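Below is one structure; the comments refer to it alone.
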Amino acid sequence: VQLQAYGGGLVQAGGSLRLSCAARGRTISNNAVGWFRQGPGKEREFVAAIDWNGGRTRYADSVKGRFTISRDRPGNTVLLQVNSLQPEDTAVYYCAAARGSMLTILPSDYQYWGQGTELTVSS
């Protein structure tokens, strides 16, 4: 399966964007999906995750209340609505599909990774 993340761009602090992650090749409707990010000079970190049917979600403390993860009914597209953006949110955002259906925050549990979409927040 190939994952394509898109929707990034340049936005001013306080602004919003919607990032999308689309699956190609086979369905990911039975897989948990997560978003991770890697900022300049930083290690990749967990941002948000959603289980296979969208019933459970989890967020990093740094984005809780500002970011919302969701998936469409077929389950092959996962969205990350990012609001109240701050300069420290600047990063390349990656989506990934887990090996299983249950929500996980561990990068090692994710099997398929997209190429990333760059989000830059100006102050």
**Prompt:** What list of ³J(HN,Hα) couplings, whole Hz, do you get for the range 25-35 from phi and the Karplus terms 6.51, -1.76, 1.60, once you set θ to phi - 60° and write x for glycine and proline?
**Reply:** x, 7, 6, 10, 5, 9, 10, 5, 10, x, 10
**Item:** Compactness relative to 2.2 N^0.38 Å, alpha carbon Rg of the range 76-123
**Value:** 1.34
**Message:** Calculate the FRET efficiency for residue 38 and residue 122 from the Cβ-Cβ distance with a Förster distance of 22 Å, rounded to the nearest 0.05.
**Reply:** 0.70
**Complete:** The percentage of the accessible area of the chain (probe 1.4 Å, all protein chains present) made up of carbon and sulfur atoms, to the nearest whole number, is 46 percent
**Karplus-derived 3J(HN,Hα), 6.51/-1.76/1.60, for each residue of the range 76-88, Hz, glycine and proline x** = 9, 10, 10, 10, 10, 7, 10, 10, 6, 5, 10, x, 6
**Assigned charges on the beta-carbon of Lys, Arg, Asp, Glu; the chain dipole about Cα centre (debye)** = 340 debye
**Complete:** Rounded to whole Å², per residue accessible area for the chain with a 1.4 Å probe reads 51 Å²
**Prompt:** Put +1 on the Cβ of every Lys and Arg and -1 on every Asp and Glu Cβ in the chain; which of 86, 119, 97 then has its Cα farthest towards the positive end of the dipole?
**Reply:** 97
**Request:** Highest first, please rank the peptides 37-50, 6-19, 75-88 by the mean number of other Cβ atoms sitting within 10 Å of their residues.
**Result:** 75-88, 37-50, 6-19
**Asked** Each residue of the range 11-20 in turn: what ³J(HN,Hα) in whole Hz from Karplus with 6.51, -1.76, 1.60 and θ = phi - 60°, glycine and Pro shown as x?
**Response** 9, 7, 3, x, x, 9, 8, 10, 8, 10
**Item:** Size of electric dipole in the range 11-79: Cβ of Lys, Arg +1 and of Asp, Glu -1, about Cα centre, debye, nearest 20
**Value:** 120 debye
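The values are calculated or read from the model by the stated rules, or taken from the named source; none is laboratory data. Remember, it's a predicted structure, so these values are computed and weren't measured experimentally. Methodologically, a virtual Cβ is constructed for each residue, glycine included, from the backbone with ideal geometry; neighbour enumeration extends over all protein chains shown. Note: areas computed on protein heavy atoms with side chains; ligands, DNA, RNA excluded. Shrake-Rupley method; radii C 1.70, N 1.55, O 1.52, S 1.80 Å.
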